[in-house]
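Quick notes on the structure that follows.
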Amino acid sequence: MAPSSIADLVAALPAEDTWGPATNGDNMLSGVPYAPFSKGDKLGRMADWTAESKDRERQGRQPYNRNFRDQQVYGAGSSSLFTVQAAEDESSFSVVDNTRSSTKRTFGRGGGTVFRGRGQRGALGQRGGGRGGFQRVGAGRGQDRYYDNRGGRGNRGRRFGWKDWDKPQRTREPSVNIRPEWAMLEEVDFSRLSKLNLEAPEGEDLDSYGFLYYYDRSYDKPPVKNAERRLQALDRAAYNVTTSQDPVINELAEKNEATVFASSDILSTLMCATRSVYSWDIVIVHQGDKIFLDKRDGSSMDLVTVNENAVDAPLEVAEASGKHDAINTPSALAMEATFINHNFALQTLTESSQAKVNFTHPNPFHNEAEETEPLASKGYKYRRFDLSLERDEEPVRMIVRTEVDAVMKNPTGGADQQLIVKALNEFDSKAQGSGGALDWRSKLVSQRGAVIATEMKNNSTKLARWTTQAILAKADGMKLGFVSRNNPRSAAGHVILGVAGYKPREFATQMNLNLGNGWGIVRTIVDRIRTLDSDEPADKIKKYVLIKDPNKSVLRLYSVPASTFEEDEEAEAIEEENKADADE
């Protein structure tokens, strides 16, 4: 019998074939929240790859497509309805650090070479140079900030400063090439090193060598306008010999006066390691119970860095935008600063054979039979520091060769004051890499505090090393000169704009320099070397290289063959002999 109506047809269908809205008992979407929407919500363009590629071609690399950044997304206001609470522990989660760090750097020759004045004959960097560069952190030029609320359309602001996303990513090179036969033994980051501390007692003087001239106090007065003093190039012989080649240290080591030996420039680099940005390396030689902290020939420690800690870092030649930028590269600035420091320390003294202070012994590195140039004013003080702890079975003592540059009459009528004389240099306050420095010619007299504060920020490592060297030498004062170029676009001439005097320990307090942390780093390295060689024969020579990573805040200790770097020195000596024969 045929159905008489549509109702009869529906009733005749099987239950599993029913269709249409489900009844309350068959609701399959129970428990799913409903996302309300607004009539103002828009879907917009969800995948317009053509428009984005055109925008990238027109504007260069962009972090996102700005044309659609303000579009509303459908249902964006109701996203909290679908939030799922994580059941797992997220305490181990960490954000990836995508800060861009850069560039390369190498320096000229150094070691036991002789500093000379005019033209740097026979001095550092005759075959030096190379690439150099440094870490940059996002900020506007010369501004230490993360957000610039003044920029952007509609006063919306911009993160990480103007066009920081478009700056080239650079990678620095290590100060020495890591060879395949080197074995890495230890790696420690700066955060761990900064927690070390060792209160070392005051050192004691063992012996002194050299002589000192008196400082000319007329340089402390502000120069007369339009009558600035020009920096002169003076021919004087000064020496910077590494630890193991020092005859006085070798003699003290034979007498068992100490177990660890170093020079103040090497030791200050290690003590201020946590402030450093550039790569550097220290050669550690362990023979018997004696440890020598050395520098290799061509070490970067022999050059004075410029704006190492600046937010806005100098660029290398390959990244410079013009020919004038070639004199503002890291390697060129380092050679210029080294030349300035050498000549400034000589020019500010009053050279007089009658008015000078002679130490107990003459200069140990000067050979009158071979050297014809006069000696520079320099005093070498060999001082011993006790680094022993209560748990030590035998005392741990260190002998350091420290240096002072001049003496000055005590204004209160006491004994003469020993000084460290250094120079800060200005290359161009408007150039890239200046770190937001003020114009010294117009601001040094009226805003000296601001100028010093900026230099403390841009050259924290350099100033910390100088202050540490002054404290190690037990110097009574520091003289910091301010030297600028005659023409910002030329490194040929310089003028002295002023000199500031400080007491080393007070200056260390202003810089937040902790000497106890530096001594803790030194003692930790010494203990590690002694532990590694505890089972080795007493007559066996072990050599290590401690390297600051060029792109990370990390120190790495490598075990190297005992003949490392010696072949390079022999090859250079042969090359120099062949060149001398060819000139004759």
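With closer than 22 Å to Glu351 by Cβ and more than 32 Å from the chain's Cα centre (by Cα) as the only criterion, which of Tyr219, Tyr214, Tyr239 stands out?
Tyr214
Is there any pair linking a residue in the stretch 370-382 that is in contact (Cβ under 8 Å) with a residue 60 or more places away in the chain to one that is part of a strand (DSSP E or B) and basic (Lys, Arg), with Cβ under 8 Å and at least six apart or on different chains, and which?
Taking only residues 6 or more apart or on different chains, the pairs are Ser377/Lys356; Tyr380/Arg401; Lys381/Arg401; Tyr382/Arg401.
Are any residues in the stretch 445-490 at pLDDT below 90 and either among the hydrophobic types (A, V, I, L, M, F, W, C) or touching a Cys at 6+ places or on another chain (Cβ under 9 Å) (or both), and if so, which ones?
Val445
Go over the candidates Leu349, Leu333 one by one and state the one that is in contact with a strand residue (DSSP E or B) (Cβ under 6 Å, 6 or more places away or on another chain), over 21 Å from Asn250 (Cβ atoms), touching a residue at least 40 places away in the same chain (Cβ under 8 Å) and surrounded by 13 or more Cβ atoms within 10 Å (Cβ to Cβ).
Working: Leu333 fails: in contact with a strand residue (DSSP E or B) (Cβ under 6 Å, 6 or more places away or on another chain).
Step by step, each of Leu349, Leu333 is checked, and only Leu349 is in contact with a strand residue (DSSP E or B) (Cβ under 6 Å, 6 or more places away or on another chain), over 21 Å from Asn250 (Cβ atoms), touching a residue at least 40 places away in the same chain (Cβ under 8 Å) and surrounded by 13 or more Cβ atoms within 10 Å (Cβ to Cβ).
State all residues of the stretch 426-439 that are buried (at least 20 other Cβ atoms within 10 Å of the Cβ) and touching an Asp or Glu at 6+ places or on another chain (Cβ under 7 Å); if no residue qualifies, say none.
Gly433, Ser434, Gly435, Ala437
Can you name the residue in the stretch 388-416 that is part of a loop (DSSP other than H, G, I, E, B) and in contact with a Ser or Thr (Cβ under 9 Å, 6 or more places away or on another chain) and, of all such residues, is surrounded by the most Cβ atoms within 10 Å (Cβ to Cβ)?
Asp405
Taking the conditions exactly as written (touching a residue at least 24 places away in the same chain (Cβ under 8 Å), surrounded by 20 or more Cβ atoms within 10 Å (Cβ to Cβ) and either basic (Lys, Arg) or not in a strand (DSSP E or B) (or both)), does Ala253 satisfy them or not?
Details: touching a residue at least 24 places away in the same chain (Cβ under 8 Å): yes; surrounded by 20 or more Cβ atoms within 10 Å (Cβ to Cβ): yes; either basic (Lys, Arg) or not in a strand (DSSP E or B) (or both): yes.
Here the answer is yes, as Ala253 does meet what is asked.
Could you run through the stretch 530-563 and say how many residues are closer than 21 Å to Val260 by Cβ, of a type outside the set (S, T, N, Q) and either part of a strand (DSSP E or B) or within 29 Å of the chain's Cα centre (by Cα) (or both)?
The number of residues fulfilling the criteria is 16.
Taking the stretch 428-453 as the region of interest, how many residues are within 21 Å of the chain's Cα centre (by Cα) and over 30 Å from Tyr214 (Cα atoms)? Explain how you work it out, then say what you get.
Taking the stretch 428-453 first, the residues within 21 Å of the chain's Cα centre (by Cα) are 428-429, 431-437, 451-453.
Okay, now just the ones that are also over 30 Å from Tyr214 (Cα atoms), so 428-429, 431-437.
Final tally of qualifying residues: 9.
Given Leu389, Leu419, which one is of a type in the set (A, V, I, L, M, F, W, C) and under 29 Å from the mean Cα position of the chain (by Cα)?
Every option except Leu419 fails the conditions.
The values are calculated or read from the model by the stated rules, or taken from the named source; none is laboratory data. Everything quoted here is computed from the prediction, not taken from an experiment. No Cβ is skipped: glycine too gets one built from the backbone with ideal geometry, and neighbour counts run over all protein chains shown.
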